[in-house]
Amino acid sequence: MFDTLLAQAGLAEIHQKVLDGERLSYDDGLRLYRTPNLPAVGYLANLVRERMNGHRAYFVRNQHINYTNVCNKSCLFCSFYAPPKDPAGYVLSPEQVQDRVRQYITIPISEIHMVGGVNPKLPYSYYLDVVRAIKEVRPAVSLKAFTMIEIEQIRRVAKKPLDETLMELKEAGVDALPGGGAEVFSDRVHEELFQAKSDSDKWLETARTAHLIGLPSNATMLYGHVEQTDEKVYHFVKLRELQDETNGFLAFIPLSWHPERTAIEHLPGPTGQMDLREIAVARLMLDNFPHIKSFWIMNSPAVTQVALWYGADDMDGSVLEYEITRDPVTDRMQALTRTQMLDMIAEAGREPIERDALYHIIDRPEPMRIVTSDK
Ligand code: SF4
């Protein structure tokens, strides 16, 4: 039955490659995007997902900290930043960052995810102090901090070589990089939407250097704005090549763009159909990435439950205090409790595994324990 379905979708050849464990080509990637039969793509992605990760669905109890929203890059898709001198701009001092960490000290958080704008006023010492401040309050937490774009800024103010800067951040307490800032590896999109920010070559060089000094990272792709299919496939191919070289990527995270309050909010933005396809194509193309994450806060908990059958094996986590796409009008805090995450995964028919930022297993909750915890 599935053979017929896949043949009708024009995916018989790709199906055979998936069964044989053969790498998919750039043209295969285009075909996966162009077939209207999304369930067929999802079926193929699920074969790979279950081969690599079984029924496991990873989640993390984590806290997000955005240390500054001041940024001089003016990306047209961004609703988070305030330009320098804008009264809405803020910078958290190391003490304020510690207060944020203490706020949730009773919750056994295992990951802190910290990113911010590219703030030209911050000195190098600030970044080291903030990292040390977090580790002072929560020494055991895995700290995932600074996108590749921020790392470039930190290197600039450090006036040191990239590897030395990364090593000093690591020694201060950074355990991994979240990998944002890549958007889509396309000169055209770069020129159109984020020309003040560095390009894909620089992003890849920063990731390569981080991996080589022992700092693993994630990788992302922002979709649903002006990007085209061939650009997304190219993005996967470039990431896959670097992973072959360094094996430093932990997870790939497709990021569903939110148009609201951006300079291009007239664009319609992604759909649920697109969210699922990005997850599925990523799982199929990125054969050397151990994990594909469905970031529920960007594509909704409902889509994430389905995505666990379309290639995703990770749903991110509690995400306490996420600010990047938060609506200041409704002031809607975005977070899930552990119980909610366990219920989501159990209802989706997968096996919940609590992890830290480096995918060390924290807990494998038994089904009978599901719905008993409330943090
Ligand atoms: S996406 Fe990042 S670099 Fe671009 S404007 Fe927003 S905060 Fe700045």
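Determine the calculated [θ] at 222 nm for the chain from helices alone, applying -39500 (n - 2.57) to every DSSP H run no shorter than 4 residues and normalising by the residue count; nearest 500 deg cm²/dmol. List each step's numbers first, then the result.
On the way: 15 runs with 160 residues, N = 375.
The helix contribution divided over the chain gives -13000 deg cm²/dmol.
Pop the C-beta distance of Thr229 and Asp199 into the FRET formula with R0 = 22 Å and round what comes out to the nearest 0.05.
Here the calculated transfer efficiency is 0.65.
Between His360 and Gln96, what length comes free when the chain is fully extended (0.36 nm per residue of separation minus the Cα-Cα distance, one decimal in nm)?
That pair, His360 and Gln96, stretches by 92.2 nm at full extension.
How many percent of DSSP beta bridges within the chain run antiparallel, rounded to 5?
In the chain, approximately 10 percent of DSSP beta bridges are antiparallel ones.
Kindly flag which residue pairs out of Lys85/Lys121; Lys144/Lys293; Lys121/Lys159; Lys160/Lys202; Lys17/Lys232; Lys135/Lys170 have an alpha-carbon separation exceeding 18 Å in this structure.
In this structure, Lys17/Lys232 lie more than 18 Å apart at Cα.
Using a/c under 1.5 as the rounded threshold, could you call the stretch 25-70 rounded, prolate or oblate? The axes a ≥ b ≥ c are square roots of the C-alpha gyration tensor eigenvalues, and prolate needs a/b larger than b/c, oblate otherwise.
oblate
So, in nm, how far is label Tyr26 from label Thr4 when the simple model puts each one 7 Å beyond its Cα toward the Cβ?
About 3.7 nm separates the two model spin labels.
Which value does Rg/Rh take for the stretch 94-206 over its C-alpha atoms, Rh per Kirkwood?
Ratio of gyration radius to Kirkwood radius for the stretch 94-206: 1.00.
With springs only between Cα atoms under 10 Å, which of Ile213, Ile109, Ile154 fluctuates most in a Gaussian network model of the chain?
Comparing Ile213, Ile109, Ile154 in a Gaussian network model of the chain, the most mobile one is Ile213.
Sort the following peptides by mean Cβ neighbour count (other Cβ atoms within 10 Å, averaged over residues), highest first: 298-307, 175-184. Don't jump to the answer; show the numbers that get you there.
Working: 298-307: 20.9, 175-184: 24.2.
Highest to lowest by the protection proxy: 175-184, 298-307.
When Lys and Arg each count +1 and Asp and Glu each count -1, what net charge do the other residues less than 14 Å away from Phe289, Cβ to Cβ, add up to?
Numbers: positive: Arg23, Arg49, Arg51, Lys238, Arg240, Arg283, Lys293; negative: Glu241, Asp244, Glu245, Glu278, Asp287, Asp313, Asp314.
My count for the surroundings of Phe289 gives 0.
Report ³J(HN,Hα) in whole Hz for each residue of the stretch 255-270, in order, from the Karplus equation J = 6.51 cos²θ - 1.76 cosθ + 1.60 where θ = phi - 60°; Gly and Pro get x.
Values per residue, Gly and Pro as x: 10, 7, 5, 10, x, 3, 6, 9, 6, 10, 6, 6, 6, x, x, x Hz.
Report the one residue of His55, Met315, Met274 whose Cα lies farthest in the direction of the positive end of the charge dipole of the chain (charges on C-beta: Lys and Arg +1, Asp and Glu -1; origin at the Cα centre).
Ranked along the dipole, the leading option is Met315.
For the chain, what is the convex hull (Cα atoms) projected area averaged across all directions, in square nanometres? Walk me through the intermediate numbers first.
Values: hull surface 71.6 nm².
Mean projected area for the chain: 17.9 nm², to one decimal.
Quick one: what are the phi-derived ³J(HN,Hα) couplings along the stretch 64-79, Karplus 6.51/-1.76/1.60 with θ = phi - 60°, whole Hz, x for glycine and proline?
With coefficients 6.51, -1.76 and 1.60, one gets 9, 10, 10, 6, 8, 10, 6, 7, 9, 9, 6, 5, 5, 8, 9, 10 Hz.
So if I place +1 on the C-beta of Lys and Arg and -1 on the C-beta of Asp and Glu, and nothing else carries charge, what would the dipole magnitude of the chain be about its Cα centre? I want it in debye, nearest 20.
Computed charge dipole of the chain: roughly 580 debye.
Between Ala88 and Arg188, what's the calculated FRET efficiency when r is the beta-carbon distance and R0 is 45 Å? Round to 0.05.
Calculated value: 0.90.
Using a 10 Å cut-off around each Cβ, can you sort Ile361, Ile65 from fewest to most neighbouring Cβ atoms?
Ile361, Ile65
Full-extension gain between Glu171 and Glu136, please, as 0.36 nm times their residue separation minus the C-alpha to C-alpha distance.
Gain in length upon complete extension: 11.3 nm.
Indicate the gyration tensor shape class of the stretch 111-154 (rounded, prolate or oblate), computed on the Cα atoms with a ≥ b ≥ c the square roots of the eigenvalues: a/c under 1.5 is rounded; otherwise a/b larger than b/c is prolate and the rest oblate.
oblate
What full-extension length gain, to one decimal in nm, is calculated for Glu50 and Arg156 as 0.36 nm per residue of separation minus the Cα-Cα distance?
In short, 33.9 nm is gained.
Which of Lys17, Lys159 comes first, and how do the rest follow, when ranked by fewest Cβ neighbours within 10 Å?
Sorted ascending by nearby Cβ count, the order is Lys159, Lys17.
Per-residue HN-Hα couplings for the stretch 305-318, Karplus 6.51 cos²θ - 1.76 cosθ + 1.60 at θ = phi - 60°, whole Hz, x for Gly and Pro?
For the stretch 305-318, the Karplus curve yields 4, 5, 4, 5, 10, 10, x, 7, 10, 9, 10, 6, x, 5 Hz.
Every number here is computed from the coordinates shown, using simple stated rules; none is lab data. This is a predicted model, so every value here is computed, not measured. Here Cβ is always computed from backbone atoms with ideal geometry, including for glycine, and neighbour counts include all displayed protein chains.
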